[in-house]
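For reference, the structure is listed below as structure tokens.
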Amino acid sequence: MMPLSFTKCLLIFCLSALLCACGGPPRVEDPFFLASSKDSLARGNDWYQKGCYAQALSFFQESLIAARLSDNVPLIVLSYNAQGAALMSMGNLNAAADRLQAALELSLGTEGNPGLAEVLGNLGTVAYKINRPEEAKEYWSRASNFALNQGASPASYLASLARAYFLEGKKEEFTAALAEATGFLEHPDTLPLARSDILNLLASQALEERNFTAALDYLNQALEIDRANEYQEGLAQDLELMAQLHLLGGDAEAAAQNFSRAFYLRAALHDRARTRDIYNKLTELKKNHSISLDLSPLKLILDKPENFDPFPALCPD
């Protein structure tokens, strides 16, 4: 065995001293597969927030594999639930329902029912998207009750219930569900996007009651939260409601500008029905109020949605 040179000895000494000074290699708190599953969930969530759902789904699938290898049931449930959310955003509702059903069965068969409220909430959203409103409301009610029993905030599920009743024109049910949701507006576990959803619904209620001052205040609060979180769905809802508020106040130009901004958000979300509805409203404003807004760029997007499809350019192939 060749003796170490002085330079190598010095290097080893310096490295040893550095490791001692820094406390040695960093400690890993979780076992490898458990840490890998958590990391993949976090990475997938980052892509999900950017609107890159295919990339998010890939990481959520990796998370499920690692969670199975560590036999961590709560993480398995979380991974299935995350896959369901990604697939739902991609428009693959059947596959989303399959993943969420797998998460539901595993959660119900496990002590403590990990992730149950979140899974039930997503199942409610899938049911609503496939035009099963009563089934959706049943899921949201179950999610709300479970969250309450766990001492968690049921705000997001109550807000979903309230919005469903609002869209159905069931005023009494809407008022009751919104009042219950509002009671959790400042709950420490209420997520920002649930708060903005409730504030938007409060603005809708105030607008129906012709309380324009309250409606504007609620809307400004909702917009602040949705902008801070870059939540396109919420921003579109806020801007459409703001447009209605301006229109009732006699400011057609401001209404048109808000509708236009909402149009681009709906187009980015591939919501063809809402983009067409907004365009039709802008056409009416053009006809009845002679607004100055040029509708030709919006018409190009309406005819060819690929003219404004920002997310593919932001996501890797």
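Listed values, structure above:
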read-out: Any hit, segment 109-128, residues being farther than 21 Å from Ser40 by Cα and in contact with an Asp or Glu (Cβ under 6 Å, 6 or more places away or on another chain); value: yes
read-out: Out of Phe166, Phe174, sole residue that is surrounded by fewer than 22 Cβ atoms within 10 Å (Cβ to Cβ) and touching a helix residue (DSSP H, G or I) at 6+ places or on another chain (Cβ under 7 Å); value: Phe166
read-out: Pairs, first over 19 Å from Asn122 (Cα atoms) in segment 159-171, second of a type outside the set (S, T, N, Q) and surrounded by fewer than 13 Cβ atoms within 10 Å (Cβ to Cβ), C-beta under 9 Å, six or more apart; value: Lys171/Glu208
read-out: Unmet criterion (only one of (1) buried (at least 16 other Cβ atoms within 10 Å of the Cβ); (2) out of contact with any Leu (no Cβ under 7 Å at 6 or more places or on another chain)) for Ser260; value: (2)
read-out: Leu219 vs. criteria assigned to a helix (DSSP H, G or I), closer than 21 Å to Leu191 by Cβ, open to solvent by less than 20 Å² (accessible area, probe 1.4 Å) and touching a residue at least 40 places away in the same chain (Cβ under 8 Å); value: no
read-out: Flag if Asp197 is of a type in the set (Asp, Glu), in contact with a Ser or Thr (Cβ under 6 Å, 6 or more places away or on another chain), surrounded by 23 or more Cβ atoms within 10 Å (Cβ to Cβ) and modelled with pLDDT of 95 or more; value: no
read-out: Members of segment 190-216 found to be more than 22 Å from Ser153 (Cβ to Cβ) and not in a helix (DSSP H, G or I), listed by number; value: Glu209, Arg210, Asn211
read-out: Residue selected from segment 265-285 under the condition in contact (Cβ under 8 Å) with a residue 12 or more places away in the chain and surrounded by fewer than 16 Cβ atoms within 10 Å (Cβ to Cβ), by the criterion nearest to Cys52 (Cα to Cα); value: His270
read-out: Filter result for the condition that a residue is open to solvent by 60 Å² or more (accessible area, probe 1.4 Å), closer than 24 Å to Phe311 by Cβ and modelled with pLDDT of 95 or more, over Gln55, Gln101, Gln83, Gln61; value: Gln61
read-out: Residue count, segment 137-160 (criterion: among the hydrophobic types (A, V, I, L, M, F, W, C) and either more than 21 Å from Thr182 (Cβ to Cβ) or crowded, with 24+ Cβ neighbours inside 10 Å (or both)); value: 5
read-out: Residue satisfying all of: in segment 286-317; in a helix (DSSP H, G or I) and among the polar types (S, T, N, Q); most open to solvent (accessible area, probe 1.4 Å) among these; value: Asn288
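The values are calculated or read from the model by the stated rules, or taken from the named source; none is laboratory data. None of the values given here were measured: they were computed from a predicted structure. Positions of Cβ are backbone-derived with ideal geometry, glycine not excepted, and every protein chain shown enters the neighbour counts. Please note that ligands, DNA and RNA were not included when accessible areas were found on the heavy atoms of the full protein model with its side chains. Shrake-Rupley method; radii C 1.70, N 1.55, O 1.52, S 1.80 Å.
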